[in-house]
2 protein chains.
Amino acid sequence: MLRLSKKTEYALMAVKYMAVNQNGKCITVKEIADTYGISFQLLAKLMQQLVRNGIIESQQGTKGGYRLNKSADSILLLDIINAIEENYGLTDCMESEIPENGCARANCCTIRDPLAKVQNKINRIFSETTIGQIL
Amino acid sequence: MLRLSKKTEYALMAVKYMAVNQNGKCITVKEIADTYGISFQLLAKLMQQLVRNGIIESQQGTKGGYRLNKSADSILLLDIINAIEENYGLTDCMESEIPENGCARANCCTIRDPLAKVQNKINRIFSETTIGQIL
DNA sequence: TTAAATACGACTATTTAAGTCTTATATTTA
DNA sequence: TAAATATAAGACTTAAATAGTCGTATTTAA
Ligand code: SF4
Ligand code: SF4
């Protein structure tokens with residue numbers, strides 16, 4: 001299917017929203033979830049993942065929320081994919097988390113290396129695209 | 001997850017196998033399935049899809065099998081993806097089968113157009129990669 | 001006419017994605 | 001300091017897509 005997960009779409013929308021609408025102030029999960037009709041609980045957890053990956057920072061408590069941790073131009077599409085997509089990669093054997101294989105067919109596989117080259121090209125596209133570009 | 005389906009991997013292996021091993025003669029599903037440990041029934045249906053998409057041709061009956069319908073260099077990775085991946089596209093709104101949307105959030109979505117550009121770049125990669133290149 | 005192959009639709013099982021529930025913690029403000 | 005508002009986080013459930021199976025029909029060479 002080669003599809004971006006909905007989680008990644010939501011995270012992208014949220015980061016773009018923050019880039020456009022934050023002006024020093026914090027932005028709450030509720031505000032973003034309401035704007036796009038995203039489940040609050042689901043988006044909340046995505047925001048937490050973005051914090052853990054250093055893309056945004058949080059402020060707890062009343063008047064709390066989130067804001068970008070760096071400029072929109074320095075946030076890559078690949079950063080968000082890596083933060084949110086669980087097993088990113090064209091094939092099982094290319095998951096960034098597990099450099100070693102995990103595929104029973106690895107010994108007889110004739111397409112692994114060619115696909116790895118394709119994967120590199122795709123990664124390049126994702127790292128050439130920044131949030132700044134999609135504003 | 002952004003993963004190629006196993007079906008597409010199998011189809012790629014099969015097409016590459018045919019490119020390497022056919023010399024005029026037909027190649028059976030069984031031969032390919034046994035070589036790579038792929039389910040015979042599953043691969044058989046993939047081969048049929050490749051026939052319908054004009055990538056290979058079939059010969060029924062005893063001594064039957066499949067052979068490539070064109071040169072390895074003129075078979076694009078994108079051809080095989082389009083033949084096998086059911087809903088190819090980065091997002092629900094980009095499925096090649098349904099040019100029109102199918103997404104409830106389309107009205108408020110701020111990432112559709114930027115992602116469409118990324119999709120085009122990915123399509124370019126897939127159409128620049130041929131079976132000839134991965135031999 | 002038999003054996004070896006493809007053709008194809010319906011079905012099942014497994015895995016992944018998507019969303020929900022619950023409880024805990026931090027922080028501002030009345 | 002209590003109440004209100006926000007994030008933090010793990011367990012759980014549901015829905016959808018992927019992967020694989022089964023059964024039967026058809027084609028064709030020997
Ligand atoms: S080794 Fe080959 S079959 Fe296994 S996951 Fe990688 S590409 Fe696919
Ligand atoms: S319109 Fe936006 S939310 Fe809907 S599928 Fe396309 S990118 Fe995703």
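Here, each number is a calculation from the coordinates, and none is a lab measurement. Worth saying up front: this structure is predicted, and the values here are computed from it rather than measured. Because the Cβ atoms are built from the backbone with ideal geometry, glycine has one as well, and the counts that use them run over all protein chains shown.
Sort out the exposed loop GluC sites (Glu not before Pro) in chain A (DSSP loop, at most 14 other Cβ within 10 Å) and tell me the longest stretch that has none. Let's see the in-between values first.
On the way: sites that count: A:GLU86, A:GLU97, A:GLU100.
It works out to A:1-85.
Assigning unit charges at the beta carbon (Lys, Arg +1; Asp, Glu -1) and nothing else, what dipole magnitude in debye, to the nearest 20, does the stretch B:6-134 show about its Cα centre?
On the way: 15 positive and 14 negative charges, 61 e Å.
The dipole of the stretch B:6-134 has a size of about 300 debye.
Is it possible to state the helix-based mean residue ellipticity at 222 nm for the protein assembly as shown, with each DSSP H run of 4+ residues giving -39500 (n - 2.57), the sum divided by total residues, to the nearest 500 deg cm²/dmol? What is it?
Values: 10 runs with 124 residues, N = 270.
The per-residue figure over the protein assembly as shown is -14500 deg cm²/dmol.
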Inset, instruction - Between B:SER5 and B:GLU57, with labels modelled 7 Å along Cα→Cβ, what's the label distance in nm to one decimal, could you check? - result: 2.7 nm
Inset, instruction - Along Cα-to-Cβ, 7 Å out, sits the label point; list in nm, shortest first, how far the one on A:VAL51 is from those in the other copies. - result: 5.8
Legend entry - Convex hull projection area averaged over all views, chain A, Cα basis, nm²: 9.2 nm²
Inset, instruction - Take the alpha-carbon centre of the stretch A:65-135, take the same for the stretch B:24-77, and report the distance between them in whole Å. - result: 31 Å
Legend entry - Rg followed by Dmax, in Å, when the protein assembly as shown is reduced to its Cα trace: 21.7, 76
Inset, instruction - Put a label point 7 Å from Cα along the Cβ direction on B:SER39, then list its distances to the equivalent points in the other copies in nm, shortest first. - result: 2.8
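For Cα pairs less than 8 Å apart in space and 6+ apart in sequence, what is the mean separation divided by the residue count of the stretch A:6-134, i.e. the relative contact order in percent?
Details: 144 pairs, mean separation 33.6, N = 129.
Relative CO of the stretch A:6-134 lands at 26 percent.
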Inset, instruction - Using a 10 Å Cβ count of at most 16 others and DSSP loop calls, identify the longest part of chain A lacking such trypsin sites (Lys or Arg not before Pro). - result: A:71-135
Inset, instruction - Between the label point of B:ALA104 and that of the same position in each other copy, find the distances and list them shortest first in nm, with every label point placed 7 Å from Cα along the Cα-to-C-beta direction. - result: 3.9
